[in-house]
Amino acid sequence: MDYLFYLLLVILIWLITLNYLSFQSKKTAIQLVNEMGIGYNLGKTYNCCIISELISEEDNIRVEQINNWGTILPTKKQVNQIKKYGFRTIRFQVVYNNLISESETIKSNWIKELKKIIDMIYNLNMYCILSIYHNDDFWNSNEIKAIDKYINFWKEIANEFKNYDDNLIFESNHKLYFKNITLLNLSQSFIDTIRNSRGLNTKRILVIPKMSTELEKYRISEQIPNDPANKTAISISYYFPSIYSGEHIYDEDGDYYIIYENDIVWYDYKGNILVTTPLNDWGSISDDYYYLYEDFKNLKTMFMDKGIPIIIGEAGILTTNGNTDLMMQFLYVLFSKSNEYDGIMACLWDNPESNEENKIYYNKETNKWTNEKIKKTIQKISRGNFIKTLDYYIYTNIETIIPDYNHWTSDIEIKEAKILTLYINAKLYGKLGEDIVFGFSYYDSNYDLVYFEIQQKHAKKQYDGTTTFKIDLSNTEVNNILQGEILKGFHLIVINNVTSVFEGYFNIFDYKNLQKEVLNELNK
């Protein structure tokens, strides 16, 4: 009887497990990324790539590979602490240059080493992202040979972990500076290899890097590889200053940066200066807040709305210069935004030690944070206590502006909603059409410049002596902006205000009050 009882118990546990795995596999990529919460990078644990400093003896290679950049191997206790601080995902990258056998496969003892780290994370019911990192010299061959090497690597990894569920995520590569390889071909090979390895690999999330550094030039149909499971996510990096880091997403040698006293200077692989970014403290309403929110809107339109989630594999601050409290706004707003949006999550990039270029947030050896505010911020957001930015959208179908020097330009992007009516209130000191000639210009749907002259038929005298001009634009295809023009009698007209009425409702954003709320939260 005891034997029968235990047999039934085993069968029951097996059925429950199968049911759970079946339920997990039915979740969309967006749903799974939403569950990943806030992520943490182990920070250079396995990704040292200074080949010249590594020595040939295998044991010493292992030590140098891990410790060369000041890091240590994580322990179960440290991983558990990371979870306690609110992180639900741990990401780490591996450089394999020094971990391969003569047959160009991964040495078996290193597969076991990776398995130990993954199991520490996996057994705590956390998500784990495993990525290939650097390996520039290893891939420096013709495309067919390089892709063959790459496929063999991922075959080994996929076979080793094919029974791990969706909590394990594979990221195809990060910071690989290809010289002879089409990244789309490499990404397609990665997806085909993992899916064909069967087991639970047929349904797990696979992550590929974005293939263009410029969002507006990205074409999904051309650059997303085919995935039969429809569970592909895009990885990007997002650092302070708030720009997209393109170091890992080129199909040629990558860019790099050097931090000087007041600037970050970005160079291309030939050493040519690309752009100089001032090291201002983060927190400008007109620039920093605005561009971060615009970036997220673009990501939503291009990816999440199409069912493709975003994983910000590295998020952080490139420098320790500046006011820490102000730079903390960046982390709080970034993580708040990634928590609020459907289908995007971010992983904090952390370093093993502080230096002139990088900042360490959490010391895993001592279990100490360099800044208590950062720790509290992470814990707040992980508990759902983050700024709900949608509360700061003001929905309206009108916009009124007050001109400067009688000239006006609508600040509204006309393409967001169709403009119906324009009201212009002005004080006239002469006769319209004779002493005064004014109107506005705009671009039509063909981007041809059109001038519209305001006439007496649009005018209505007001009780205060001013005149309000009503212009019906409902049958006009207005693109871009409306810009006022006074062609005659500049000194004979004072334009008091201009009101645009739009079809339906669009939204404007109250950055000023949002920033006040962010600062209040950080100072609690």
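The values are calculated or read from the model by the stated rules, or taken from the named source; none is laboratory data. Being a predicted model, the structure only gives us computed values, none of them experimental. Ideal geometry is used to build each Cβ from the backbone, glycine not excepted, and the neighbour counts take in all protein chains shown.
Among the listed residues Ile495, Ile486, Ile481, identify the single one that is assigned by TED's automatic domain parsing to the domain that holds Ile398, in contact with a Pro (Cβ under 6 Å, 6 or more places away or on another chain) and not polar (S, T, N, Q).
From the options Ile495, Ile486, Ile481, the qualifying one is Ile495.
Go through region 45-73 residue by residue and tally those that are crowded, with 20+ Cβ neighbours inside 10 Å and either in contact with a helix residue (DSSP H, G or I) (Cβ under 8 Å, 6 or more places away or on another chain) or at pLDDT 80 or above (or both).
Selection size over region 45-73: 3.
On the basis of being farther than 30 Å from Leu390 by Cα, assigned to a strand (DSSP E or B) and at pLDDT 70 or above, does Val207 make the cut?
When the stated conditions are applied, Val207 does not pass them.
For region 459-481, does any single residue satisfy the condition of being free of Cβ contacts under 8 Å to residues at least 40 places away in the same chain, outside any strand (DSSP E or B), surrounded by 17 or more Cβ atoms within 10 Å (Cβ to Cβ) and not β-branched (Val, Ile, Thr)?
No, region 459-481 contains no residue that is free of Cβ contacts under 8 Å to residues at least 40 places away in the same chain, outside any strand (DSSP E or B), surrounded by 17 or more Cβ atoms within 10 Å (Cβ to Cβ) and not β-branched (Val, Ile, Thr).
Do we have Asn98 as crowded, with 17+ Cβ neighbours inside 10 Å, under 32 Å from the mean Cα position of the chain (by Cα) and at pLDDT below 70 here?
It is true that Asn98 is crowded, with 17+ Cβ neighbours inside 10 Å, under 32 Å from the mean Cα position of the chain (by Cα) and at pLDDT below 70.
Quick one: in region 441-458, of everything that is over 15 Å from Val494 (Cα atoms) and of a type in the set (A, V, I, L, M, F, W, C), which residue is nearest to the chain's Cα centre (by Cα)?
Looking at the filtered set, the residue picked out is Leu449.
For the structure I just gave you, tell me whether Ile387 is within 22 Å of the chain's Cα centre (by Cα) and either of a type in the set (Lys, Arg) or modelled with pLDDT of 85 or more (or both).
no
Okay, residues lined up against (1) touching a residue at least 24 places away in the same chain (Cβ under 8 Å); (2) part of a helix (DSSP H, G or I); (3) among the aliphatic types (A, V, I, L, M); (4) within 24 Å of Lys375 (Cα to Cα):
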| position | (1), (2), (3), (4) |
| --- | --- |
| Lys297 | no, yes, no, no |
| Thr301 | no, yes, no, no |
| Ile308 | yes, no, yes, no |
| Ile312 | yes, no, yes, yes |
| Asp325 | yes, yes, no, yes |
| Met328 | yes, yes, yes, yes |
| Leu331 | yes, yes, yes, yes |
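Quick check on this structure: which one of Lys373, Lys368, Lys380, Lys415 is modelled with pLDDT under 85 and under 30 Å from Asp325 (Cβ atoms)?
Lys373
Report every pair of residues separated by at least 6 positions or lying on different chains whose Cβ atoms are under 9 Å apart, first residue within region 495-507 and on the phi > 0 side of the Ramachandran plot and part of a strand (DSSP E or B), second among the basic types (Lys, Arg) and surrounded by 13 or more Cβ atoms within 10 Å (Cβ to Cβ).
So the pair list comes out as Gly504/Lys418.
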